[in-house]
Amino acid sequence: MPSAVRFGVNYTPSEGWFHHWLDFDLDSVRADLDSIAALDMDHIRVFPLWPYFQPNRSLVRRRAVEHLVALVDAAGERGLDVNVDGLQGHLSSFDFLPAWTRTWHRRNLFTDPDALDGQATYLRTLAAALAGRSNFLGMTLGNEVNQFSAGPHPDPDRATEDQIDAWLERMLAACEEGAPGRTHLHAEYDATWYQDDQPFTPAQAARRGAGTAVHSWVFNGTAQR
């Protein structure tokens, strides 16, 4: 018996783009969710911007987490389930990385012990805040995090396949610790399948996490093929 097909959308706020977390307006979010529900979608994927939620490695802003919970609750009121992307990371050609990982505090996202501790804490915190919500599907580690690990990124955080495998295992475990039994996964863009220097591999896509996500870009011909 084939499983039911679900249809959802990436939630891009109509006011403030993904920067809406800076001046969060629940009424505006509710209006957006009404529009999405009217399209007969059954779930959304939301994007907390990592620097706004965890501006310092030892600080996950409580108010930001409360806003995320309010969004998930508002979605539930409209019959929408929610997947939450954690390490944002990268969206629409912009990188959103906290200052404690860059410039004077440059740390490799995939191998530095302090960076790993901070990321695990952040993911665990978001998952735990949503664990009691029945419409919370689970965490995705981030949006196409593999784009940070190789070219064409201008300043990649290089790592080996084994180091990426360890990173995936630890980050997925942090999500599971925060919200046991939910659908936690990672989602890479399609270079994982064809780029020779990609440390994120098809085997990891198939074996790590509760499902396999493939982001096939229209820009490079993959989606067409």
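Numbers for the structure displayed
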| quantity | calculated |
| --- | --- |
| Anisotropy class of segment 160-209 from Cα gyration tensor, a/c 1.5 cut | prolate |
| Compactness index (Cα Rg / 2.2 N^0.38 Å), segment 23-153 | 1.10 |
| Stokes-Einstein D for segment 1-58, Kirkwood Rh over Cα pairs, 37 °C, 0.692 mPa s (µm²/s) | 249 |
| Convex hull (Cα only) mean projected area of segment 89-137, reported in nm² to one decimal | 4.6 |
| Rounded to whole Å, sorted largest first: equivalent-ellipsoid semi-axes of segment 38-108, Cα gyration tensor | 28, 15, 7 |
| Charge dipole magnitude, Cβ of K and R +1, D and E -1 - the chain, Cα centre, debye nearest 20 | 300 |
| Most mobile listed residue (Leu123, Leu59, Leu185) in the chain, GNM with C-alpha springs under 10 Å | Leu59 |
| In sequence order, calculated HN-Hα J values of segment 213-218 (Karplus, 6.51, -1.76, 1.60; Hz; x Gly/Pro) | 10, 10, 9, 8, 6, 7 |
| Area accessible to solvent at Glu161, 1.4 Å probe radius, in Å² | 110 |
| Heavy-atom accessible area ranking, 1.4 Å probe, most first, across Thr125, Thr201, Thr103 | Thr103, Thr125, Thr201 |
| Calculated from backbone phi, Karplus (6.51, -1.76, 1.60) coupling profile of segment 106-116 in Hz, x at Gly/Pro | 3, 9, 6, 4, 9, 10, 6, x, 5, 5, 5 |
| Rounded if a/c under 1.5, otherwise prolate or oblate - segment 83-225, Cα gyration tensor axes | oblate |
| Accessible area (Å², 1.4 Å probe, nearest 10) - Arg124 | 80 |
| Signed unit charges on C-beta, dipole axis of segment 62-158, positive-most listed residue Leu91, Thr101, Val72 | Thr101 |
| Val69, Val46, Val214, reordered so the largest accessible area comes first (probe 1.4 Å) | Val214, Val69, Val46 |
| Accessible-area value, Glu176, 1.4 Å probe, nucleic acids and ligands omitted, Å² | 80 |
| Residue order for Met41, Met171 - accessible surface, 1.4 angstrom probe, largest first | Met41, Met171 |
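The values are calculated or read from the model by the stated rules, or taken from the named source; none is laboratory data. This structure is a prediction, so every number in the text was calculated from the model and none was measured. Cβ: placed from backbone, ideal geometry, glycine included. Neighbour counts: every protein chain shown. Heads up: the accessible areas ignore ligands, DNA and RNA and are worked out on the full protein's heavy atoms, side chains in. Shrake-Rupley method; radii C 1.70, N 1.55, O 1.52, S 1.80 Å.
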